[in-house]
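Peer 1: Questions regarding the structure given below will be posed in turn.
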Amino acid sequence: MFDSILSHLMLIGVLGIGSQWFAWRFRMPAIVVMSVAGLLVGPIFGVMTPSEDFGTLFNPIISVAVAIILFEGSLNLDYREIRGLGKSVYRIITLGAFLAWILGSLTAYFVADLSWAVSFVIGGLFIVTGPTVILPLLRQAKLKARPAAILKWEGVVVDPLGALLAVFAFEIIQFLTVDSVTAGALLLFFLASLFAIAIGWACGRGIGWMFETGFVPEFLKSPIVFTVVIACFALADEVMHETGLLAVTAMGMTMANMHIASLSDMRHFKENISVLLLSGIFIMITASLDRDTLLQVFDPRILTYVLLMLIVVRPLSIWLSTINTELSFKEKALVGWIAPRGIVALTVAGYFANVLEQAGYPGASIVTPLTFALVFATVCAHGFSIGALARKLGLSLEGKPGVIIVGGSSFTTALAKTLKSMNIPVLITDTSFEQLFNARAEGVPYYRGEILSEQTEYYLDLTPYEKLIAATDKDSYNSLVCTTFVPDIGRNDIFQLSWHDPDKEHPDDLVLRIGGRILFEKGATYAELNRKIEQGYYFVQTRLSKQYTYKTFLKDIQPDTLPILNFKPTGKFDFFTSEAPLKPEAGDTIICMVPPVRLIESGEMSPEQSDE
């Protein structure tokens, strides 16, 4: 059934994206699910072997995919993100990487019983973490900004450095042990590395200049960027193997710090491409392993080596390199534990396994199973533990989903105050201090600034907020805000108030269809909601039970009562909208906005409403 390359491509795509969905649905590390899927269709059941099926195209496909993923990750490396963390990041990617290389090499020699040559090559290679594994884990764990920034920078910057360090170690070994290799080979290595940085910088500056001067039309920007990335990678890699990764990283960082407006427009497209490539290459790599490699993983030497890399080498290198830095004890503990290895380690290890074995170095035959054991162990250990450890150390933003409200007004302040009283994270943003007067007076968290500005993401951490309400007095602006944040938050969790009654015709009817979901029942416009708050309307909570059902609740409420949101015992909640009616159940709490004439004498809920 799966004999053609086309059918293999189809299977790889289905398994990759299916694994991503499965991991999202059941809150599991996507990398682990993809690795297991690849092993099942590859060495375990023998459905396909991509390295053989794709022939000579296999390695170029993997290399180009890794280059694009690394470039996409480096586009997020804006220096403004590590303001106040520069010392820690610099130490980790320099001294920390060096210590990890030396300690890892010594462990490989004394524990895994490898030769000095092989030990120092894979010791350099294993300092990598990489965006292919660390970025999905960061999205899953929802870390606070500081540890997330450190892990992201380390993963992207050290990824090409690890590959280069392995090449450098191999060149040094060749120079010391092979008479025909002279100092010229070492000079060539350094010149090739400088050339890779230079060509990456030049490509980044060139693309930036063309975008800023309007030299490239909008519809060609993404295709041109990806074409130049592949060209940059290929040109540098032709000069010396593995320097292409350094070139695309330099290109991405250059463009990231030029602050080009067009890049933010392409960001979601690039992220989608990276998810597709990441899903595919993980399936391809793991499916290409053979059963002998899997069996070798259980060698006691390999298992001991992996264990020491997890609990000794990584924590020690981080703790030593971050002495007298701004990192706290808890941040050092988290960063010192999290170091999953990924695609770069597997691909580069496969290359060096062949080179070292052909050169006759002892121990080269177990490089591949050793690498796979480390990759799989770190991905599983760190993937399943990062969330729990972050919560234990207080470095996670896990909790009730927060709400960010765009637009300050009487109604948004009253709504935010109610959400805050329920321990739901809430934040009101507006460009005007005057519009934020009520929020400031009521002690509601607020941010003065333009939510659509690129600068906002560097001064305001939006991670805790999983829902957004656009509630200004302009439909067009509300729709623009909602449309901008749809790729990040998802349309189901983006809402907007209507300035006009949706039942009435008005020239901006189109914006009601391209923005967020319209909040509350028809007629609950911006002006009407604020008028009601000024007349004394207030928010009350009603808890449903088996005796007091939602149907009973609807019969009891007066026509001028407005249901706002439904809060579940699990902590999840959703707003009432004019599009999809909610179905509250027993145990849920409904928040309503009621008029002052509906005051209850005692100020408490009726016995029926308070029954469990």
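The values are calculated or read from the model by the stated rules, or taken from the named source; none is laboratory data. Not measured: the values here are computed from a predicted model. Note: ideal-geometry Cβ built from the backbone for every residue, glycine included; neighbour counts use all protein chains shown. Accessible surface is based on the protein model in full, side chains and every heavy atom, while ligands, DNA and RNA are left aside. Shrake-Rupley method; radii C 1.70, N 1.55, O 1.52, S 1.80 Å.
Peer 1: Return the FRET efficiency for the residue pair residue 312, residue 546: r is the Cβ-Cβ distance, R0 is 60 Å, and the value is rounded to the nearest 0.05.
Peer 2: On the way: r = 56 Å, r/R0 = 0.93.
Between residue 312 and residue 546 the formula returns 0.60.
Peer 1: Between residue 582 and residue 106, what is the label-point separation in nm under the 7 Å Cα-to-beta-carbon projection?
Peer 2: Rounded to a tenth, the inter-label distance reads 5.9 nm.
Peer 1: Mind checking the full-extension length gain between residue 474 and residue 555? Use 0.36 nm per residue of separation minus the Cα-Cα distance, one decimal, nm.
Peer 2: Working: separation 81, 0.36 × 81 = 29.16 nm, distance 3.46 nm.
Length gained, residue 474 through residue 555: 25.7 nm.
Peer 1: May I pose another question? Give me the percent relative contact order of segment 368-461, please, defined on Cα pairs under 8 angstrom at least 6 residues apart.
Peer 2: In percent, rounded to a whole number, it is 20.
Peer 1: Something else: Tell me, how many Å apart are the Cα centres for segment 159-179 and for segment 203-227?
Peer 2: 36
Peer 1: With every protein chain kept in place and ligands, DNA and RNA left out, what is the accessible area per residue of segment 201-252? Probe 1.4 Å, answer in Å².
Peer 2: Details: 2370 Å² over 52 residues.
In whole numbers, segment 201-252 has 46 Å² accessible per residue.
Peer 1: Measure nothing fancy, just the Cα-based angle from helix 410-421's long axis to the longest principal axis of the chain, in degrees from 0 to 90, nearest 10.
Peer 2: It works out to around 60 degrees.
Peer 1: Contour minus end-to-end for residue 47 and residue 354, with contour as 0.36 nm per residue of separation and end-to-end as the Cα-Cα distance? Could you put the intermediate results ahead of the total?
Peer 2: On the way: separation 307, 0.36 × 307 = 110.52 nm, distance 2.52 nm.
108.0 nm is the gain from fully extending residue 47 to residue 354.
Peer 1: Report the relative contact order of the chain, percent, no decimals, based on alpha-carbon pairs under 8 angstrom and at least 6 residues apart.
Peer 2: 14
Peer 1: How large is the Rg to Rh ratio of the chain when both quantities use alpha carbon positions and Rh follows Kirkwood?
Peer 2: Rg/Rh: 1.04.
Peer 1: Another question about this same structure. Over the chain, what is the percentage of antiparallel beta bridges among all DSSP beta bridges, to the nearest 5?
Peer 2: If we restrict to bridges inside the chain, about 45 percent are antiparallel.
Peer 1: Could you look at the chain and say what percent of its accessible area is carbon and sulfur, using a 1.4 Å probe and all protein chains? Can you show the working numbers first?
Peer 2: On the way: 16710 of 27200 Å².
Result for the chain: 61 percent of the exposed heavy-atom area is carbon or sulfur.
Peer 1: Moving on to the next point. If you line up the long axis of helix 58-74 against the longest principal axis of the chain, both from Cα atoms, how many degrees apart are they, to the nearest 10?
Peer 2: 50
Peer 1: Sticking with this structure for a sec: Roughly how many Å² is the accessible area per residue of segment 268-335, as a whole number, for a 1.4 Å probe?
Peer 2: Using a 1.4 Å probe on heavy atoms only, each residue of segment 268-335 averages 46 Å².
Peer 1: What pairs in 555/583; 332/420; 467/568; 392/572; 330/417; 152/420 have C-alpha atoms more than 26 Å from each other? Write down the numbers at each step before the final one.
Peer 2: On the way: 555/583 15 Å; 332/420 32 Å; 467/568 16 Å; 392/572 22 Å; 330/417 32 Å; 152/420 31 Å.
From the list (555/583; 332/420; 467/568; 392/572; 330/417; 152/420), the Cα-Cα distance tops 26 Å for 332/420; 330/417; 152/420.
Peer 1: Same structure again: Taking the Cα atoms only, what angle lies between the long axis of helix 30-39 and the longest principal axis of the chain, rounded to 10 degrees?
Peer 2: 50
Peer 1: For residue 7 paired with residue 452, estimate the spin-label separation in nm (one decimal), with each label point 7 Å from Cα along the Cα-to-Cβ line.
Peer 2: 5.1
Peer 1: Further, regarding this structure: Which loop-located chymotrypsin sites (Phe, Trp or Tyr not before Pro) does segment 164-219 contain, where loop means any DSSP state but H, G, I, E or B and the Cβ has at most 15 other Cβ atoms within 10 Å?
Peer 2: 215
Peer 1: Given only helices, namely DSSP H runs of n ≥ 4 each adding -39500 (n - 2.57), what is the per-residue ellipticity at 222 nm of the chain, to the nearest 500 deg cm²/dmol?
Peer 2: Using -39500 (n - 2.57) per qualifying helix, the result is -18500 deg cm²/dmol.
Peer 1: Between residue 330 and residue 521, what is the label-point separation in nm under the 7 Å Cα-to-beta-carbon projection?
Peer 2: About 4.5 nm, to one decimal.
Peer 1: Quick check for you: which residues of segment 330-365 have the amide N under 18 Å from the point 7 Å beyond the Cα of residue 61 toward its beta carbon?
Peer 2: 343-344, 346-348, 350-351, by backbone N distance to the label point.
Peer 1: Once the piece of chain linking residue 209 and residue 272 is laid out straight, how much longer is it, given 0.36 nm per residue of separation minus the C-alpha distance between them?
Peer 2: Here the segment from residue 209 to residue 272 would lengthen by 20.2 nm.
Peer 1: In segment 149-267, if every C-alpha pair distance is counted and binned at 10 Å from zero, what percent goes to each bin?
Peer 2: So the P(r) values, bin by bin, are 13, 38, 28, 14, 6, 1.
Peer 1: Please compute the per residue accessible area over segment 25-164 with all protein chains in place, 1.4 Å probe, rounded to a whole number of Å².
Peer 2: In whole numbers, segment 25-164 has 34 Å² accessible per residue.
Peer 1: Let me ask something else about it. Counting only C-alpha contacts under 8 Å and six or more residues apart, can you give the relative contact order of segment 227-336 as a whole percent?
Peer 2: On the way: 31 pairs, mean separation 13.8, N = 110.
It rounds to 13 percent for segment 227-336.
Peer 1: Another question, if that's okay. What percent of all Cα-Cα pairs in segment 249-364 falls into each 5 Å bin, going from 0 up to the bin containing the maximum distance?
Peer 2: All Cα pairs, binned at 5 Å, distribute as 2, 8, 10, 13, 15, 16, 16, 12, 6, 3, 0 percent.
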